[in-house]
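Here's the structure we're looking at; comments come further down.
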Amino acid sequence: MTLQVRGLSFAYGAHPVLDRIGLDLRPGELCALFGPNGTGKSTLYRCILGHLRHGGTVTLDGEDLSGLRPAQVARRVSYVPQQHTNAFPFTVLDMVLMGRTPHLGGVFGPRRSDVQACERVLAQVGLAAERDQLYHTLSGGQRQLVLIARALAQDCQVLLLDEPTASLDFGNQMFVWRTVRDLARQGRAVLVCTHEPNHVLWFCDRVLALGRAGRLLADGVPSEVITTELVRTLYPTVGAVSMTGASVVAPVDVLPTQQSASG
Amino acid sequence: MTPPAPSSIPATRPTAGRGDETRCACVVSAPVSNRRRAVLLVVTAALVLVVAVVSITVGAYVIPVGDVLKVLAAKTGLTDSTNSLNASVVWDMRLTRVLLAGAVGAALACSGAAYQGTFRNPLVEPFILGVSAGAACGAGLAVMVDVPLSMQVMAFIFGMLAVWLTYTLSRVRGERPTVTLILAGVVVGSFFSAVFSLFQYAGTDEQLRRLVFWVMGGFYRATWNDVAVVVPATVIGCLLLWRFGWRLNVLSLGDDEARSLGVDPEPLRRWVIVLATALTALAVSVSGIIAWVGLLVPHAARMMVGPDHRFVIPLSATLGAVFVMACDVLARTIHTGEVPISIITSILGAPYLVYLLRTRATHLGASS
């Protein structure tokens, strides 16, 4: 399932947010959406999902998403928000079951088969034991994984994640990234919005760099796109950056082979 | 050192622990299984019948349970004649009252639960949209001016007018964020309250007496005509709200999230608000404003079965019926005259909520 975005522009009143965005999201590919605050990453997600009206087309294998009802879109594209807490104390299983909503036929909610499907995806993100705990009492990392499990229960081939590692500790950040990478390896098209250039280099197959005024600056392999020049363009206040030289704490499996051999 | 295969799930898992910035604006209890929830529903439904029969026996003088059952059996055609005095007291005075009290309790509690889910705020009640004030204002207008419509119909129309105003005023950039919705409700509610106060200020003594009944609430005017309208309408309204239970769960996560899970928030919210407002206006139209029920009963239900609206809505209906029937028994027995039921619900309601908060609930941050 290839997600195609063509000529997507959006403005809040007279203030332009996205400027003629075009991108292809292919199955099996973990793609990063990288850029400073306020460049319209979340807005781009909302446009793709059809929450905002935009000038442009979003198609999935040739099918125009803008003509579909919310339930139809939700069977094709799932969205993983940043971990949050909500007004009501739902259990972990309840939260994941909500991912089954677009597939429910009956009136009174999920059936036993839906519960079983949710137990499977909870096991997949390593939260099988937390099934009956209250979602809002979990740690931030676990809550993020519950929301990822919910997207899996939604059973879509396209996943959009909004800063899934924001406000998580280092261990949780690595765990979430690895989980997301595995989901892409299983054949899904995954787009992850992130602020961390190193994570893009470590985990992603491709990166879209979104610059000021919502313009797409680069689209390609992270090691070629994330250059000192790009970082300087995106973050002028940072000044000069070095791509190597300083010691970096990183999981061994994400380092290029020659480095891990020497380390 | 060999890196692990990319496809394997890493052995390390995020550590278990309490959330650092957990904010959950309501009390929580330990998760309950669906089987236990269903049992609770059946038990409270049976409790509705028991409380109904018991409250028929109580009044200016006590009629034994046996006699009550005999009269009910005779009137429904199961047996033949019975003591005629008791028959009229049981059938025409107390049964109508009890049925109406039960229906009003169910309607208020159900609409409270529905509003809370729709506005993602467990502390919202029918009052927040200005519905109560609007309905009272409509009733007051019927008292003040000679209109061809009945006081009840006016209450209903003005309740719907209030919610429509709130809903329209809260529109911002094509959406209705919860904050502006609630603000608009406060504005609309205070406007209708002011108009109602003006009626009280300008009215004659006779008009004032009728307006005060509306503010205090009561069931002593219950007739079979009221019952014939309110009971079936309440049952249908509550069933329709129940039908939205699962989608209300999804909606309570927020508009964007609901939409990304395939639930279109606007039409759902519109239907739920219209149904809940109709139920509230219906209840207010026959019994006046009865405070606390719409807030308190859904809370109690949530503490018993958790936040799932598929269970909270029906349990609110049964508990609300039991609660208001019991309050009405107190209203007509603790004093020689009639005590306005709103005073009873408020005096019972406030300490009850405190009791639940202090004893039955594991509060946010506390271990469950």
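The value of relative contact order for segment B:60-177, using C-alpha pairs under 8 Å at least six residues apart, is 15 percent. Each listed q (0.13, 0.15, 0.19, 0.20 Å⁻¹) maps to a log10 I(q)/I(0) for segment A:114-230, found by the Debye formula over equal Cα scatterers with no solvent: -0.55, -0.71, -1.04, -1.12. Of the chymotrypsin sites (Phe, Trp or Tyr not before Pro) found in segment B:208-265, those that fall in a DSSP loop while having at most 16 other beta-carbon atoms within 10 Å are B:Tyr220.
Centre-to-centre separation between the Cα atoms of segment A:123-195 and those of segment A:56-93: 15 Å. For segment A:79-84, the Karplus equation 6.51 cos²θ - 1.76 cosθ + 1.60, evaluated at θ = phi - 60°, returns couplings of 10, 10, x, 4, 4, 8 Hz by residue, with Gly and Pro reported as x.
Taking every DSSP bridge with both residues inside chain A, close to 55 percent are antiparallel. From largest to smallest, the equivalent ellipsoid semi-axes obtained for segment A:68-118 from the alpha-carbon gyration tensor read 18, 17, 10 Å.
Each residue in A:Val80, A:Val231 was given a count of other beta-carbon atoms within 10 angstrom of its own, and listing them fewest first yields A:Val231, A:Val80. For A:Val17, the amide hydrogen comes within under 5 Å of the amide hydrogens of A:Phe10, A:Ala11, A:Tyr12, counting only partners 5 or more places away or on other chains and with H modelled in the peptide plane.
Taking the inverse of the mean reciprocal distance over all distinct Cα pairs, the Kirkwood hydrodynamic radius of the protein assembly as shown comes to 27.3 Å. Mean-square fluctuations from a GNM of chain A, with a 10 angstrom spring cutoff on Cα atoms, peak among A:Gly239, A:Gly140, A:Gly220 at A:Gly239.
The P(r) of segment B:159-254 has a tail past 15 Å containing 77 percent of all C-alpha pairs. Shape verdict for segment A:63-182, please, from the Cα gyration tensor: rounded (a/c under 1.5), prolate (a/b greater than b/c) or oblate. Oblate, since a/c reaches 1.5 and b/c is not below a/b. Close amide H pairs (under 5 Å, H built 1.01 Å from N) link A:Thr2 with A:Asp61, residues at least 5 positions away or on another chain. In plain terms, the C-alpha convex hull of chain A casts an average shadow of 15.6 nm² when viewed from every direction. Two numbers describe the Cα atoms of segment B:54-179: Rg and Dmax, which are 21.2, 67 Å. Checking every one of the trypsin sites (Lys or Arg not before Pro) in segment A:1-95 against DSSP loop status and a limit of 14 other Cβ atoms within 10 Å picks out A:Arg53. Within segment B:181-246, the trypsin sites (Lys or Arg not before Pro) that combine a DSSP coil assignment with at most 14 other C-beta atoms in a 10 angstrom radius are B:Arg221.
Taking amide H positions as modeled 1.01 Å from N, with prolines and chain starts lacking one, no residue 5 or more places away or on another chain lies under 5 Å from B:Ile290. Computed from the alpha carbon atoms alone, the convex hull of segment B:288-333 holds 69 Å³ per residue. Structural descriptor for segment A:1-72: relative contact order 38 percent, calculated from alpha carbon pairs under 8 angstrom and at least 6 residues apart. Compared with the rule-of-thumb size 2.2 N^0.38 Å for a compact globular protein, segment B:111-193 has a Cα radius of gyration ratio of 1.13. The spread of Cα positions in segment A:118-186, taken along each principal axis and listed from longest to shortest, comes to 30, 26, 16 Å. Classification of segment A:171-238 by its C-alpha gyration tensor yields a prolate form. The axis ratio a/c (a ≥ b ≥ c) is 1.5 or more, and a/b outweighs b/c.
Classify segment A:37-107 as rounded, prolate or oblate, taking a ≥ b ≥ c as the square roots of the eigenvalues of its Cα gyration tensor: rounded when a/c is under 1.5, otherwise prolate if a/b is larger than b/c and oblate if not. Display every interim value, and only then the final one.
On the way: a/c = 2.85, a/b = 1.31, b/c = 2.17.
The shape class here is oblate.
Coordinate-derived values only; no laboratory data. If you're wondering where the values come from, they're calculated on a predicted model, not measured in any experiment. All Cβ positions, glycine included, derive from the backbone under ideal geometry; neighbour counts span all protein chains shown.
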